[in-house]
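Just below is one structure, and these are the notes that go with it.
The values are calculated or read from the model by the stated rules, or taken from the named source; none is laboratory data. For clarity, every value in this text was computed on a predicted model and none was experimentally measured. Positions of Cβ are generated from backbone atoms using ideal geometry, with glycine treated the same way; all protein chains shown enter the neighbour counts. These accessible areas exclude ligands, DNA and RNA; they are computed on the full protein's heavy atoms, side chains included. Shrake-Rupley method; radii C 1.70, N 1.55, O 1.52, S 1.80 Å.
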Amino acid sequence: MSSLKRLALIGSGSGTTAEAVVVATETMVPAEVALIVGNNSRSGIFDVANGHGIPSIHLSGVTHPDPDLRDAAMLDALIGERIDLIVLAGYMKKIGPRVRDAYEHRIINTHPALLPAYGGTGMYGDRVHQAVLLDKETVTGATVHVATENYDEGPILAQTSVEVLPTDDVTSLRARVQAAEKALLVEWLKAWATSADHCSLRD
């Protein structure tokens with residue numbers, strides 16, 4: 001049996017963050033992606049799973065209309081695959097209380113800004129970049145943080161800055177922040193996977 005730490009990726013969107021993490025685990029991060037979970041059957045995250053031969057499961061209001069049963073099904077899937085760490089890869093829903101409790105301090109998320117700035121309910125994706133540009137900020141960035149019950153309020157694990165250029169629009173700023181966000185996540189995962197205790201999430 002492999003001694004590598006086992007990751008679960010949970011996402012809703014195109015799957016670009018999931019792809020970056022999977023490729024990193026195949027090249028530079030000593031961990032393995034053991035499960036991919038998506039709440040949108042058309043999400044690109046399932047293309048990533050299929051392309052890399054990773055077990056996947058679709059869990060949503062369609063498959064499980066009862067949120068508690070959906071939460072229980074997700075926990076069963078995570079435990080069944082012996083998951084050590086959950087990585088939210090563009091997941092647009094809150095994690096249910098069963099999973100939060102079972103994986104306390106072991107669920108991480110990324111955010112396209114320097115939290116606590118530009119975080120919280122409704123602040124995601126281009127909404128963040130639009131707000132940064134409207135406020136005429138000169139620096140933005142990306143954050144890796146512990147996911148908790150409230151959006152973007154968990155302990156910060158790592159951050160990186162991105163300069164906001166005078167010529168930036170949402171498209172150009174998004175491209176640079178997304179690249180920085182993926183690189184930051186991969187670097188944090190590499191440090192986590194190679195640490196002595198594999199867990200500094202409480203710091």
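Pick from segment 58-86 the residues that are touching a helix residue (DSSP H, G or I) at 6+ places or on another chain (Cβ under 6 Å) and not in a helix (DSSP H, G or I): which of them is most open to solvent (accessible area, probe 1.4 Å)?
So the residue we want is 64.
Which residue pairs have Cβ atoms under 8 Å apart, sit 6 or more places apart or on different chains, and have a first residue in segment 162-174 that is farther than 12 Å from residue 137 by Cα and free of Cβ contacts under 8 Å to residues at least 12 places away in the same chain and a second that is open to solvent by less than 80 Å² (accessible area, probe 1.4 Å) and part of a loop (DSSP other than H, G, I, E, B)?
Pairs found: 172/165.
Quick one: residue 170 ticks every box in (1) out of contact with any strand residue (DSSP E or B) (no Cβ under 6 Å at 6 or more places or on another chain); (2) modelled with pLDDT of 95 or more; (3) open to solvent by 70 Å² or more (accessible area, probe 1.4 Å); (4) of a type outside the set (Ser, Thr, Tyr) bar one, so which box is it?
(3)
Of the conditions (1) aliphatic (A, V, I, L, M); (2) open to solvent by 30 Å² or more (accessible area, probe 1.4 Å); (3) within 21 Å of residue 183 (Cα to Cα), residue 7 fails just one. Which one is it?
Just one mismatch for residue 7, condition (2).
For residues that are surrounded by 13 or more Cβ atoms within 10 Å (Cβ to Cβ) and of a type in the set (Val, Ile, Thr), tally how many sit in segment 111-126.
0
Restricting attention to segment 46-53, does a residue exist that is closer than 21 Å to residue 195 by Cβ and not hydroxyl-bearing (Ser, Thr, Tyr)? Before the answer, list the steps.
Initial filter on segment 46-53 (closer than 21 Å to residue 195 by Cβ): none.
No.
Would segment 36-49 turn up any residue that is open to solvent by 50 Å² or more (accessible area, probe 1.4 Å), charged (D, E, K, R) and closer than 27 Å to residue 184 by Cβ?
To start, the set of residues in segment 36-49 that are open to solvent by 50 Å² or more (accessible area, probe 1.4 Å) comprises 40-42, 47.
Next cut, charged (D, E, K, R) only: 42, 47.
Right, trim to closer than 27 Å to residue 184 by Cβ and you get 47.
Yes: segment 36-49 contains one or more residues that are open to solvent by 50 Å² or more (accessible area, probe 1.4 Å), charged (D, E, K, R) and closer than 27 Å to residue 184 by Cβ.
Given the conditions (1) of a type in the set (Val, Ile, Thr); (2) open to solvent by 10 Å² or more (accessible area, probe 1.4 Å); (3) within 18 Å of the chain's Cα centre (by Cα); (4) farther than 19 Å from residue 184 by Cα, which single one is not true for residue 99?
The one condition residue 99 does not meet is (2).
Does residue 177 satisfy the criteria of being among the hydrophobic types (A, V, I, L, M, F, W, C), open to solvent by less than 20 Å² (accessible area, probe 1.4 Å) and assigned to a strand (DSSP E or B)? So that I can check it myself, show each step before the final result.
On the way: among the hydrophobic types (A, V, I, L, M, F, W, C): yes; open to solvent by less than 20 Å² (accessible area, probe 1.4 Å): yes; assigned to a strand (DSSP E or B): no.
No: the conditions fail for residue 177.
What pairs can you find where one residue is in segment 181-196 and small (Gly, Ala, Ser), the other is assigned to a helix (DSSP H, G or I), and their Cβ atoms are less than 9 Å apart, with a gap of 6+ or different chains?
183/20; 193/25
Restricting to segment 127-146, what's the tally of residues that are closer than 27 Å to residue 189 by Cα, open to solvent by 20 Å² or more (accessible area, probe 1.4 Å) and not in a helix (DSSP H, G or I)?
Selection size over segment 127-146: 1.
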